[in-house]
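Since the structure comes first, as structure tokens, the remarks are kept for the end.
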Amino acid sequence: MQDSVQQRGRVQSAPHLRLLTWEGSSSELLELVAARNEGAAARFHDRFASGMHALVRALIGPDAAHARLVEQSLLAAYAGLFSSRVSPSRLGAWVDAHAVRVVRSYLRRQRFWIKLGARRVRLESTASDEALLLYERLGDLDPDVRIAFCLRYVAGRALSDTAVLCGVSVAQVRARLVQAEAHLRSMADYSADPDQPELGWES
């Protein structure tokens, strides 16, 4: 059975990457991990790498650390499977939560160095002007506030999913979104540019 399980995969296209996505079920994947099957790690990577790239990109934007944070998140999530009991229905959210924790730690380290006078990490010049401006402004926010904003409005996660990934209540997520929106609005000079569109975000 494990041989047939391991062969379930397809190539999936995504912006700037082309990854093999494993099509087996979460239950089958967890069985492979529990049995310490030699192909379990590769199947785990194939299953979650594409989504992890998209999630980390949404959280940090055009940051050169993107690939490193994706690998750290995948490794942390996979290693955690050997010491945690994860239900098949929650596996995806459990993996995403590792990405949030890894990115949060990265953003907090960045803020620490900036407070000591270090320069901000230079964003990738290939990104659009809109993306560069957005993430430059988000860089001034507390990492928890920034992550809530990016999960909700960039990654498009539901409020309830955002709350789970942030480890807080929906009410706390709403408060963080209000804080992020206020910050971004304060940096937008609407009086100087009457044609500038409203943000249009809803919490």
- Task: Select from the stretch 72-107 those chymotrypsin sites (Phe, Trp or Tyr not before Pro) which occupy a DSSP coil region and have at most 14 other Cβ atoms within 10 Å, ordered by residue number.
- Result: PHE82
- Whose amide H sits under 5 Å from the amide H of ARG157, counting only residues 5 or more places off or on another chain, with H placed in the peptide plane? ARG152
- Task: Please list the non-local residues whose amide H lies under 5 Å from the amide H of ASP63, H modeled 1.01 Å from N, same-chain partners needing a gap of 5 or more.
- Result: GLU124
- In the stretch 130-191, taking the dipole from +1 charges on Lys and Arg beta carbons and -1 charges on Asp and Glu beta carbons about the Cα centre, the listed residue (ALA155, PRO143, SER186) farthest towards the positive end is ALA155
- Roughly how many whole Å is it from the C-alpha centroid of the stretch 58-101 to that of the stretch 144-161? 16 Å
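Taken together, the values in this text are just the output of simple stated rules run on the coordinates, not laboratory data. Keep in mind the model is a prediction, meaning the values are calculated, not measured. Cβ coordinates were reconstructed from backbone atoms using ideal geometry, including for glycine residues, and neighbour counts include every protein chain displayed.
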